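Trainee: Pasting a structure below so you can have a look.
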Amino acid sequence: MSRVSVPCHVKGTVALQVGDVRTSQGRPGVLVIDVTFPSVPPFELQEIVFKNYYTAFLSIRVRQHTSTHTPAKWVTCLRDYCLMPDPHSEEGAQEYVSLFKHQMLCDMARVLELRLILRQPSPLWLSFTVEELQIYQQGPKSPSMTFPKWLSLPVPCEQPAPLIETKILGCDRVKLMESLVVGDIAELRPNQGTLSLFTNEAGGILDDLIITSTSEGYLYVVSNAGCWDKDLALMQGKVKELQNMGSDVSLEVVDNALLALQGPTAAQVLQAGVADDLRKLPFMTSAVMEVFGVSGCRVTRCGYTGEDGVEISVPAAGAVHLATALLENPEVKLAGLAARDSLRLEAGLCLYGSDIDEHTTPVEGSLGWTLGKRRRTAMDFPGASIIVPQLKGKVQRRRVGLMGEGAPMRAHSSILNTEGTVIGTITSGCPSPCLKKNVAMGYVPSEYSRPGTPLLVEVRRKQQMAVVSKMPFVTTNYYTLK
């Protein structure tokens with residue numbers, strides 16, 4: 001992406017000693033820095049680069065121009081981002097930190113002004129240098145920047161991690177996948193998919209993935225890019241093992257991009273670019289079709305948001321064309337991972353590495369429903385001897401939903417019983433945009449997992465009330481045939 005620097009003017013103090021600086025409202029340890037853009041019309045913000053010392057929690061608000069008839073409004077685009085360079089050396093403490101458009105919570109177009117809000121994480125000396133703040137908008141390539149030799153260049157623009165797409169081919173393709181996952185893959189109808197789990201012999205979850213049995217005679221597998229190395233090695237290792245035993249199976253990595261179009265009008269938007277009738281494509285089914293002139297796309301009625309929508313596997317060469325075509329519809333907006341994260345949490349969906357991992361069983365993670373009935377009886381998947389008994393017996397801990405009062409609950413916060421004893425940990429948490437309440441997920445002993453159970457959560461060194469809640473927090477809106 002080409003970049004051009006936007007001239008800006010920083011108003012106010014640029015350093016503070018936490019505990020000594022107060023805002024006009026008298027709050028200690030908070031610094032508000034306003035950044036204006038003289039002689040620059042509303043622009044689309046692409047990247048913010050700045051230098052900082054030590055650690056701070058940063059929030060960013062932008063003032064957006066809406067229309068000539070509506071006054072500009074302030075919108076929060078980043079909330080409590082933890083800036084944490086290496087504080088033990090001058091070099092590490094003066095890193096350049098980049099924040100990008102896709103990390104923001106809101107649309108970054110038509111920006112008029114920035115407001116940076118720094119909050120103390122602990123009673124330490126905190127210094128934040130904004131003299132070197134750089135703002136980038138879309139446009140001609142910016143002139144090269146020179147940095148002291150001990151400084152790294154600004155972090156390159158990171159893209160949201162893609163998902164891995166693979167094809168499992170051959171007569172023994174189902175045998176392969178059922179040797180690795182807990183789901184009943186054999187029962188899938190043509191072009192039907194299911195969420196499943198890779199498990200290990202200890203019953204832990206190696207990754208979550210979606211498996212579709214296609215009408216073209218192969219299994220279409222989508223798993224997380226964050227687990228690319230171990231997922232691919234796991235499948236390739238099993239392919240080689242079965243091939244050595246004479247089985248007919250092979251694996252092919254698909255070089256496609258994956259676009260997710262989510263929301264109540266997603267199908268209506270997509271219908272304008274396809275010949276197929278999307279009313280005949282219910283949740284967790286897929287079809288190959290031409291989409292806005294790009295042939296060979298697999299459209300799957302799913303998405304990790306709890307909303308109706310589709311994921312489109314598109315040949316890499318056509319990805320930009322397809323994304324551009326979709327964005328021509330005024331209903332479509334680009335959304336960052338933070339927006340997707342709040343949706344998946346409202347839907348009670350797990351994030352691998354946070355809510356589930358190799359030390360969590362499907363039953364502990366409240367994912368027992370992913371175990372196929374036939375597979376439970378056969379007990380022929382990794383970790384079955386540990387997982388299946390947990391379905392009927394008592395499991396020590398469970399993933400639960402929580403609604404809380406006060407400040408938002410965040411990952412790694414302690415969960416306590418009403419007597420003040422630590423009993424668990426928050427794994428995901430954020431304010432719910434739909435409910436206007438703070439929601440979270442975490443693990444507690446089974447005796448505290450019943451909905452309605454009152455608990456405490458430690459947030460910013462203070463205890464506040466929370467209650468165990470049913471999930472999903474917000475009713476899902478998946479499309480099913482009636």
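Trainee: For the stretch 264-323, report the accessible area per residue in Å² (1.4 Å probe, heavy atoms, rounded to an integer). Each step should come with its number before you reach the end.
Mentor: Values: 2390 Å² over 60 residues.
Here the residues of the stretch 264-323 average 40 Å² of exposed surface.
Trainee: Could you please state how large a percent of the accessible area of the stretch 256-329 is carbon and sulfur, counting protein chains only and using a 1.4 Å probe?
Mentor: On the way: 1730 of 3080 Å².
Summing carbon and sulfur atoms, their accessible area is 56 percent of the total for the stretch 256-329.
Trainee: How high is the relative contact order of the stretch 164-254, in percent, counting Cα pairs under 8 Å that sit 6 or more residues apart? Could you put the intermediate results ahead of the total?
Mentor: On the way: 162 pairs, mean separation 36.0, N = 91.
40 percent.
Trainee: How large a share of the accessible area of the stretch 390-482, in percent, is made up of carbon and sulfur atoms when the probe is 1.4 Å and the other protein chains stay in place?
Mentor: Details: 2680 of 5260 Å².
Summing carbon and sulfur atoms, their accessible area is 51 percent of the total for the stretch 390-482.
Trainee: Does the stretch 329-454 come out rounded, prolate or oblate, given a ≥ b ≥ c as the square roots of the eigenvalues of its C-alpha gyration tensor, rounded meaning a/c under 1.5 and, failing that, prolate meaning a/b above b/c?
Mentor: oblate
Trainee: Counting only protein chains, not ligands or nucleic acids, how are 281, 435 ordered by accessible area (probe 1.4 Å), most first? Before the final figure, lay out each step's value.
Mentor: Working: 281 15, 435 60 Å².
Putting 281, 435 in descending order of accessible area: 435, 281.
Trainee: Taking every pair of distinct Cα atoms and averaging 1/r, then inverting, what Kirkwood hydrodynamic radius in Å comes out for the stretch 256-329? The partial results should precede the final answer.
Mentor: Details: mean 1/r = 0.0835 Å⁻¹.
Result for the stretch 256-329, one decimal place: 12.0 Å.
Trainee: Apply the Karplus parameterisation 6.51 cos²θ - 1.76 cosθ + 1.60, with θ equal to phi minus 60°, to every residue of the stretch 101-118 and state each ³J(HN,Hα) to the nearest whole Hz, in sequence, with x for glycine and proline.
Mentor: 3, 6, 8, 8, 7, 9, 5, 9, 7, 6, 7, 9, 7, 10, 10, 9, 10, 9
Trainee: Still on this structure: Compare 74, 228 by solvent-accessible area with a 1.4 Å probe and give them largest first, with all protein chains kept in place. Show your work: numbers first, answer last.
Mentor: Numbers: 74 75, 228 95 Å².
Largest accessible area first, the residues go 228, 74.
Trainee: Determine the per residue accessible area of the stretch 164-254 with all protein chains present and a 1.4 angstrom probe, expressed in square angstrom.
Mentor: Working: 3630 Å² over 91 residues.
Value returned for the stretch 164-254: 40 Å² of accessible area per residue.
Trainee: Right, something else. Counting other Cβ atoms within 10 Å, keep those with at most 16, restrict to DSSP loop, and tell me which trypsin sites (Lys or Arg not before Pro) in the stretch 262-344 are left.
Mentor: Working: sites: 279, 280, 298, 301, 333, 340, 344; in loops: 301, 333.
Counting only loop positions with at most 16 other Cβ atoms within 10 Å, the trypsin sites (Lys or Arg not before Pro) in the stretch 262-344 are 333.
Trainee: Would you mind checking which residues have amide H under 5 Å from residue 77's amide H? H placed 1.01 Å from N; only 5 or more apart, or other chain.
Mentor: Excluding prolines and chain starts, which carry no amide H, the hits are 60, 61, 62.
Trainee: Now for a different question. Classify the stretch 164-254: rounded, prolate or oblate, from the alpha-carbon gyration tensor (a ≥ b ≥ c, eigenvalue square roots; a/c under 1.5 rounded; otherwise prolate if a/b is larger than b/c)? List each step's numbers first, then the result.
Mentor: Working: a/c = 1.36, a/b = 1.10, b/c = 1.23.
In terms of gyration-tensor shape, rounded.
Trainee: Given an 8 Å cut-off on Cα distances and at least 6 residues of separation, report the relative contact order of the stretch 256-329 as a percent. Working shown, then result.
Mentor: Details: 130 pairs, mean separation 28.1, N = 74.
Once normalised by length, the contact order is 38 percent.
Trainee: Also: At 1.4 Å probe size, with no ligands or nucleic acids counted, give the accessible surface of residue 418 in Å², nearest ten.
Mentor: Residue 418 has an accessible surface of roughly 80 Å² with all protein chains in place.
Trainee: Out of the trypsin sites (Lys or Arg not before Pro) in the stretch 350-396, which ones are loop residues according to DSSP with at most 16 other C-beta atoms within 10 Å? Intermediate values should be presented prior to the final figure.
Mentor: Details: sites: 373, 374, 375, 376, 392, 394; in loops: 394.
Passing both the DSSP loop test and the Cβ count: 394.
Trainee: Taking K and R as +1 and D and E as -1, what net charge do the other residues with C-beta under 15 Å from the C-beta of residue 405 add up to?
Mentor: Details: positive: 410, 436, 437, 460, 462; negative: 458.
Here the charged neighbours net out to +4.
Trainee: Could you state how much accessible area residue 276 has, in square angstrom rounded to the nearest 10, with a 1.4 Å probe and all protein chains kept in place?
Mentor: 60 Å²
Trainee: The stretch 398-466: which GluC sites (Glu not before Pro) are DSSP loop and have at most 10 other beta-carbon atoms within 10 angstrom?
Mentor: Numbers: sites: 405, 419, 447, 458; in loops: 405, 419.
Answer by residue number: 419.
Trainee: Cα-Cα over 29 Å: which of 230/462; 73/470; 373/482; 175/230; 392/436? Please report the intermediate quantities before stating the final value.
Mentor: Details: 230/462 39 Å; 73/470 35 Å; 373/482 25 Å; 175/230 20 Å; 392/436 37 Å.
Violating the 29 Å limit, Cα to Cα: 230/462; 73/470; 392/436.
Trainee: Now, a different point. Please report how far the C-alpha centroid of the stretch 363-387 lies from that of the stretch 399-464, rounded to the nearest whole angstrom.
Mentor: So the separation of the two Cα centres works out to 28 Å.
The values are calculated or read from the model by the stated rules, or taken from the named source; none is laboratory data. All values derive from a computational prediction rather than experimental measurement. Neighbour counts are summed over all protein chains in view; Cβ atoms, including those assigned to glycine, are modelled from backbone coordinates with ideal geometry. Side chains are part of the model used for accessible areas, which takes the heavy atoms of the whole protein and leaves out ligands, DNA and RNA. Shrake-Rupley method; radii C 1.70, N 1.55, O 1.52, S 1.80 Å.
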